[in-house]
Every structure is written in C-alpha cells, then in structure tokens.
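See structure below.
The values are calculated or read from the model by the stated rules, or taken from the named source; none is laboratory data. Since we're looking at a predicted model, the values are computed, not measured. As a convention, Cβ positions derive from the backbone with ideal geometry for all residues, glycine included, and neighbour counts pool all protein chains shown.
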C-alpha cells in the first residue's frame, strides 16, 4: 500500500492503486490535475469509502492549484476513463 502521507506519487501510480486508497487522502496529500480529479476523484465508480463522497468544492479546497473553470468544464464535458488498466473486480479478487 502506498504511504500517501510521507511520499508523493505520480498520477499513474495513484491510478494503478486507486482502489486501495481513500480518495480524500489523495486530495489531502498529493498533487493532482483537473483531469485526474474528474476521471477518478469525482467519479462515483471509485468512491468506495464512506468519506469518499467528494464534491467539486472539496477538490477545490484541497487542490487550490487546479483552475476552477477548467475543473467545471471537464466535469460538464465528462471524461471517460478508458485508459484505466484495472477494475474493482480484479482488485477485490486478489
């Protein structure tokens, strides 16, 4: 498991471990971009923990470097995660 509170990880590593991480912990400890926020953090498919019910405002609070207009545009447009290399069923069965 990744140590989010003591290390910084690239978004590829975060994506590959997304099902074993709390999304709120990612927001609190890592630097992500707007695309990652929409694809993974705000995507209900990845919100598995009770405290992972994350909104636009929570992303904006913990990731102040993300342009709020860009985040809104991406949210409205919707971004598919076709590049996802793992799925929950695979992770849960391992």
Residue check, residue 74 touching a residue at least 40 places away in the same chain (Cβ under 8 Å), surrounded by 12 or more Cβ atoms within 10 Å (Cβ to Cβ) and out of contact with any helix residue (DSSP H, G or I) (no Cβ under 6 Å at 6 or more places or on another chain): no
Can you report the number of residues in segment 39-70 which are within 27 Å of residue 6 (Cβ to Cβ) and surrounded by 12 or more Cβ atoms within 10 Å (Cβ to Cβ)? 17
So, residue 89, is that one exposed (fewer than 11 other Cβ atoms within 10 Å of the Cβ) and either over 16 Å from residue 21 (Cβ atoms) or modelled with pLDDT of 65 or more (or both) or not? yes
How many residues does segment 20-51 hold that are over 22 Å from residue 70 (Cβ atoms), within 10 Å of the chain's Cα centre (by Cα) and assigned to a helix (DSSP H, G or I)? 1
(1) within 23 Å of residue 6 (Cα to Cα); (2) exposed (fewer than 14 other Cβ atoms within 10 Å of the Cβ): which one isn't true of residue 22, the others all being true? (2)
